[in-house]
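Remarks on the structure that follows.
The values are calculated or read from the model by the stated rules, or taken from the named source; none is laboratory data. No experiment lies behind these values; they were computed from the predicted model shown. Here Cβ is always computed from backbone atoms with ideal geometry, including for glycine, and neighbour counts include all displayed protein chains.
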Amino acid sequence: MSVRTILILAVLAAVAVVAAAIALGTDQSADQNPRIGTLVFPDLNDRANDVATLKVESGHGTLTLQRADGAWTLKESDGYPVVPVKANGSVLDLATLRFHEPKTERPEKYAKLNLLDFDAPGSGSTRVTVQDSAGAMLAELLLGNSKFNLPGTKTGGIYLRLPGEQRAWLAAGGLNLSGLPGDWLEPTVLHVAGARIKRTEIRRPQGPPVVITKRNPKTLVYTLDGVPAGYKVRYDEEPKLIATNLEAFELEDARRRGAIEFDPARTTRTLFETFDGLQVVAETTAIDGKYWTRFSASASAGSQAGGEADAINEATKGWVFRVADYRGERLTKRFEEMLAPGN
């Protein structure tokens, strides 16, 4: 190979490296940047106990986690409790975030990293702010795409920008700052094992009720009562799924009672009765395509379920819960929807 050919190949290789760096938005002086390896928020770890609010603004809306007397709540959910380990863990994740690699300073490349200004049209960024009880800012940043495999780390990384700076960064650290309320709130509203359910009754404002029964606690078979001649249950498993709907019943959001209107003309009442005397009533309504449910519990005279009923009432009193669509659909099932022509 001639010297001329070698020089041409070397030039082409250099051009390719530069082009790749431009395409990725990588700073060519990355190895000389003094920020590499340092904490993004060096003072936050020492002030983690001073954090009073953690606000996450995303395409899903705004979530404001508030801490008072060591307990976390979610403002937009009317102060419903937040899982403490999730909130505290997120503060510590921010405190241990480190600059890993400088990226582009060119605004036209922000969109590829989902780091456009939060209020910019078409922005997919997430804005995070952390403040103390006096309102002093402890951390503020824009978050973009995650990078799940980051050599030299166990946590992966995430692209970010800091206020007043054009430089985008790839930071090392694990962040899970969801914009969905259900990812923060104490999830389980109540739990009643399906095997205990003796009878379930769904009464909608119009139409015949759905009644599902089971002969004894040991049988696995749930029966839809009143199936007319010439028809059968459309899906064999559906009666069981409806009757066991209170197992590990989880929420997606919460509001104080009174915030959601339960119009009798649009509210379904579902009764769950157990073999040992517990009765749980779920009242459900749909607003803007979302299901909201409120609970009450009681126990039959002479049963040992009174304590459990009191505990359910204590945990759910004053609250209305937005539930997953599949939960809401099972709570409000129409009788005719469960039938199909028989053979």
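Given the residues I202, I260, I242, which is the only one that is assigned to a strand (DSSP E or B), in contact (Cβ under 8 Å) with a residue 24 or more places away in the chain and either at negative phi or not hydroxyl-bearing (S, T, Y) (or both)?
Answer to the selection: I202.
Kindly provide the set of residues from the stretch 82-129 that are of a type in the set (K, R) and closer than 28 Å to E252 by Cα, ordered by number.
Across the stretch 82-129, the qualifying residues are K86, R127.
Quick check on my filter: what residues within the stretch 279-313 are more than 18 Å from G194 (Cα to Cα) and either acidic (D, E) or touching a helix residue (DSSP H, G or I) at 6+ places or on another chain (Cβ under 6 Å) (or both)?
Selection gives E283, T284, T285, D288, Y291, D310.
Would you confirm, using the coordinates I've provided, whether V221 is of a type outside the set (K, R), surrounded by 14 or more Cβ atoms within 10 Å (Cβ to Cβ), not in a strand (DSSP E or B) and not assigned by TED's automatic domain parsing to the domain that holds P34?
no
Hey, could you check the stretch 175-194 for residues that are aliphatic (A, V, I, L, M) and more than 13 Å from the chain's Cα centre (by Cα) and say which is farthest from R127 (Cα to Cα)?
Applying the filter and picking the extreme gives A193.
Could you figure out which of (1) free of Cβ contacts under 8 Å to residues at least 24 places away in the same chain; (2) closer than 17 Å to D46 by Cα; (3) loosely packed, with under 14 Cβ neighbours inside 10 Å isn't true of G122?
Tallying (1) free of Cβ contacts under 8 Å to residues at least 24 places away in the same chain; (2) closer than 17 Å to D46 by Cα; (3) loosely packed, with under 14 Cβ neighbours inside 10 Å, G122 fails exactly one: (2).
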